[in-house]
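What follows is a short report on a single structure.
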Amino acid sequence: MNLINKTTRLHLIIAIPIFIVIAVAMYYIISSVIIAKVDESLITNKENIIDNILERRFIDSSYIDLSSIYSLEEITEREFGKDKFSNINVYDNLETEYEPYRQLSTSFTVNNNHYELKMRRSLVESESLIASIILIVFILFLLLTLSYLIINRRLMVSIWAPFYVTLKKLNRFKIDNNRPVVFEDTKITEFNQLNRTVDEMIRRIQNDYKRNKKFIDNIAHELHTPLSIIRGNIEVFVQGKNLSNEDLALIQSIENTVERLTRINRTLLLFSKIENNQFIETSKIDFGRLIKKIIKENEDYIEFEKIEVQDYLKTDNFVEMNKDLAEILFINLIQNSIKHNTEGGIIKLKSEEDYLEIANTGTRLGINPDQLFEKFVKKSKSSESVGLGLTIVKQICDLYDFNIKYSIKGHIHIINIHFNQLEQTD
Amino acid sequence: MKLLIVEDELELANLIIKYLQTEKFICDVSYNYRDASEKIYLYDYDCVIVDITLPDGSGMELIREIKEKKSDAGIIIISAKNSIDDKIAGLDLGSDDYITKPFHLSELNARIKSLLRRKHTQGSNTIEVNELKINLDSRSIFIHNELVEFRPKEYDILLYFILNKDKVINKNSIMEYFWGDNTYSSGSYDFIYAQVKNIRKKLLDNNCKDYLITIYGVGYIFDTK
């Protein structure tokens with residue numbers, strides 16, 4: 001979930017319990033304030049009534065609310081009590097329901113006679129008043145919170161803008177692109193710090209990359225030249241007459257070893273180049289068409305081994321990858337399926353939009369299938385196979401997150417690759 | 001034909017010269033940029049073979065100098081890095097070919113000869129060896145003036161032999177032809193043997209002398225002596 005949505009969400013989650021607490025508190029506070037007002041008027045009325053009675057005056061209804069009198073009874077001295085407030089529900093015949101009342105009962109003495117006076121006030125209006133007040137305040141709070149959230153979102157978008165700019169620059173960063181990444185000054189200290197740190201990191205990475213590239217280039221030079229010299233010496237030496245078969249065999253053994261070393265060196269170089277991201281450029285490769293081309297280029301060999309090629313490849317299916325790596329990948333796959341095939345065997349090629357399958361008959365694997373893609377393991381009875389071709393294949397697949405799987409059904413070896421590019425959007 | 005070899009590794013340079021001299025080339029050598037630059041200025045060469053990584057300068061610069069002199073010399077780049085960028089840059093500057101270390105000397109020889117042929121053809125572009133005549137433009141082979149069918153790869157191999165005639169050719173160098181730069185595991189020798197056998201049969205069937213001789217363990221020689 002993105003930053004701004006999460007913050008908004010958290011704000012809402014915190015606001016809700018606060019709302020509830022405030023609503024409840026408001027209810028109690030307002031209720032008690034209103035009830036206190038009712039009680040106050042009951043007491044004033046009571047005092048007026050009692051004063052009038054004590055002075056034997058007529059109870060003047062102009063300033064006394066007589067309707068609030070519920071009962072006036074004579075009581076014994078024993079029943080004399082202090083002022084008492086209570087809530088009472090009274091059944092109203094007209095409304096056919098119970099209605100809430102506030103009652104004050106009090107006692108007083110006139111000429112040694114004790115009387116109890118009970119007074120009541122209806123709370124119906126008060127309750128609706130409370131409800132209205134709470135609703136209004138609640139709605140105000142809601143509006144306040146919503147406008148706060150909206151303003152807050154806008155503010156956040158504008159405050160975090162530099163952060164998103166930095167993110168975008170990081171996303172677009174390509175390691176072999178020598179251009180420095182430029183960060184502009186922001187008004188926020190932390191973002192400036194972030195930009196400064198990221199900038200340093202990028203410089204360091206670019207430097208390391210450049211140094212690594214140089215290192216690889218230097219190694220290539222160093223290793224290949226001595227190999228050239230050995231090879232050259234052998235070639236000149238072998239022109240001499242008077243070499244016995246034994247001499248020739250020994251010499252060729254050296255040359256074959258140079259051949260192996262050369263291949264290993266070439267492979268290691270490719271490995272490092274891939275790992276150092278030196279094959280960054282990609283293009284759309286019609287892999288069906290490319291494989292058909294490779295088959296054609298190798299047709300002499302295929303014919304020699306009397307292999308039947310069953311071509312179920314579909315063209316116009318594209319995979320996005322580096323052109324050179326594509327050639328290396330598919331050439332090695334195809335040549336592998338020819339080299340480790342049996343005479344008179346079959347190669348079946350199948351492709352779909354995002355998928356390639358190569359099945360071939362072949363000699364049994366001498367090793368655990370899981371080790372097929374491991375480096376430097378001999379694959380089958382074909383001697384001298386250093387087995388680097390498939391490891392290169394695996395490394396290229398790993399680079400692009402292609403899913404490559406090997407399986408075996410009886411005598412048939414199957415390699416399939418899912419290119420996993422269908423769901424990609426720009 | 002006069003060649004200039006520019007290579008800073010002494011041993012390698014001397015090996016190249018030794019091999020090429022047996023091909024009747026006249027060879028000069030420079031072990032560094034300065035010397036090469038001087039020689040290019042002073043003399044005319046038919047072909048210059050340049051290692052682009054030199055201790056005191058860039059081989060690419062030498063190529064530029066050769067071109068500036070309006071020289072007609074063929075230029076072959078030697079490099080230890082199989083770098084596409086270098087290849088393209090070199091071709092752009094005007095080099096004619098690019099060969100990666102470690103190479104077989106027979107390979108270098110074949111390329112020099114092909115290059116010189118391309119540059120010095122007057123009339124038809126053919127190679128004649130006794131009863132064999134090869135037309136390089138039409139890629140056809142005539143034995144006793146009769147056209148003989150050879151498959152494309154067979155033609156390539158036979159041409160390679162003829163360009164390196166009377167020299168022992170290592171079977172590994174023939175392998176490189178077939179399997180190319182982009183393979184990382186070893187190839188099959190059986191196939192190569194079969195190809196050479198086919199070529200030999202075609203030659204013999206058409207009354208050609210038996211030039212293709214197998215050298216035990218090592219490879220072949222196209223022996224015209």
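The values are calculated or read from the model by the stated rules, or taken from the named source; none is laboratory data. These numbers come from a predicted model, not from an experiment. Note: ideal-geometry Cβ built from the backbone for every residue, glycine included; neighbour counts use all protein chains shown.
The table below lists the values:
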{"read-out": "Some residue of the stretch B:199-211 being facing chain A (nearest Cβ under 9 Å) and in a helix (DSSP H, G or I)", "value": "no"}
{"read-out": "Output for the stretch A:175-194, where each listed residue is surrounded by 10 or more Cβ atoms within 10 Å (Cβ to Cβ), under 25 Å from A:GLN278 (Cα atoms) and charged (D, E, K, R)", "value": "A:ASP176"}
{"read-out": "Strands (runs of 3 or more DSSP E) within the stretch B:1-54 that include 2 or more residues in contact with a strand residue (DSSP E or B) (Cβ under 8 Å, 6 or more places away or on another chain) and not aliphatic (A, V, I, L, M)", "value": "B:26-30, B:47-51"}
{"read-out": "Residues located in the stretch A:304-345, provided they are touching a strand residue (DSSP E or B) at 6+ places or on another chain (Cβ under 7 Å) and surrounded by fewer than 17 Cβ atoms within 10 Å (Cβ to Cβ)", "value": "A:GLU308, A:GLN310, A:ASP311, A:TYR312, A:LYS314, A:THR315, A:ASP316, A:GLU320, A:LYS323, A:THR342"}
{"read-out": "Matching residues in the stretch A:273-282 - criterion: being in contact with a Phe, Trp or Tyr (Cβ under 9 Å, 6 or more places away or on another chain) and either away from chain B (no Cβ under 12 Å) or surrounded by fewer than 16 Cβ atoms within 10 Å (Cβ to Cβ) (or both)", "value": "A:ASN276, A:ASN277, A:THR282"}
{"read-out": "Members of the stretch A:195-230 found to be under 31 Å from the mean Cα position of the chain (by Cα) and surrounded by 16 or more Cβ atoms within 10 Å (Cβ to Cβ), listed by number", "value": "A:ASN195, A:VAL198, A:ASP199, A:ILE202, A:GLN206, A:TYR209"}
{"read-out": "Verdict on B:SER95 being within 14 Å of chain A (Cβ to nearest Cβ) and within 30 Å of A:ILE264 (Cα to Cα)", "value": "no"}
{"read-out": "Residue among A:ASN332, A:ASN277, A:ASN265, A:ASN242 that alone is part of a loop (DSSP other than H, G, I, E, B) and touching a residue at least 40 places away in the same chain (Cβ under 8 Å)", "value": "A:ASN277"}
{"read-out": "Count of residues meeting criterion [modelled with pLDDT under 85, farther than 26 Å from A:PHE304 by Cβ and assigned to a helix (DSSP H, G or I)] in the stretch B:109-161", "value": "3"}
{"read-out": "Selection status of B:SER173, closer than 20 Å to A:GLU305 by Cβ, hydroxyl-bearing (Ser, Thr, Tyr), within 12 Å of chain A (Cβ to nearest Cβ) and crowded, with 17+ Cβ neighbours inside 10 Å", "value": "no"}
{"read-out": "Residue count for the stretch A:296-335, restricted to those that are facing another protein chain (nearest Cβ under 9 Å) and of a type in the set (Ser, Thr, Tyr)", "value": "1"}
{"read-out": "Test: residue in the stretch A:161-182 that is of a type in the set (Asp, Glu) and not in a loop (DSSP other than H, G, I, E, B)", "value": "no"}
{"read-out": "Residues of the stretch B:65-85 that turn out to be within 13 Å of another protein chain (Cβ to nearest Cβ) and in contact with a helix residue (DSSP H, G or I) (Cβ under 9 Å, 6 or more places away or on another chain), as a count", "value": "7"}
{"read-out": "Some residue of the stretch B:80-97 being under 26 Å from A:LYS323 (Cβ atoms), of a type in the set (A, V, I, L, M), touching a residue at least 24 places away in the same chain (Cβ under 8 Å) and not in a helix (DSSP H, G or I)", "value": "yes"}
{"read-out": "Residue match in the stretch A:185-198 (condition: over 30 Å from B:ASP166 (Cα atoms), in contact (Cβ under 8 Å) with a residue 60 or more places away in the chain, among the hydroxyl-bearing types (Ser, Thr, Tyr) and more than 9 Å from chain B (Cβ to nearest Cβ))", "value": "no"}
{"read-out": "Residue count for the stretch A:114-145, restricted to those that are aliphatic (A, V, I, L, M) and exposed (fewer than 12 other Cβ atoms within 10 Å of the Cβ)", "value": "6"}
{"read-out": "Residue in the stretch B:56-64 that is basic (Lys, Arg), away from every other protein chain (no Cβ under 11 Å) and surrounded by fewer than 17 Cβ atoms within 10 Å (Cβ to Cβ) present", "value": "yes"}
{"read-out": "Boolean, B:LYS101 is out of contact with any Cys (no Cβ under 6 Å at 6 or more places or on another chain), within 14 Å of chain A (Cβ to nearest Cβ) and under 15 Å from A:HIS224 (Cβ atoms)", "value": "yes"}
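Every residue, every condition in (1) more than 14 Å from chain A (Cβ to nearest Cβ); (2) under 15 Å from A:SER228 (Cβ atoms); (3) buried (at least 16 other Cβ atoms within 10 Å of the Cβ), yes or no:
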residue: B:GLU11; (1), (2), (3): no, yes, no
residue: B:LEU15; (1), (2), (3): no, yes, yes
residue: B:LYS18; (1), (2), (3): no, yes, yes
residue: B:GLN21; (1), (2), (3): no, no, no
residue: B:ILE26; (1), (2), (3): yes, no, no
residue: B:ASN32; (1), (2), (3): yes, no, no
residue: B:ALA36; (1), (2), (3): yes, no, yes
residue: B:TYR43; (1), (2), (3): yes, no, no
residue: B:ASP46; (1), (2), (3): yes, no, yes
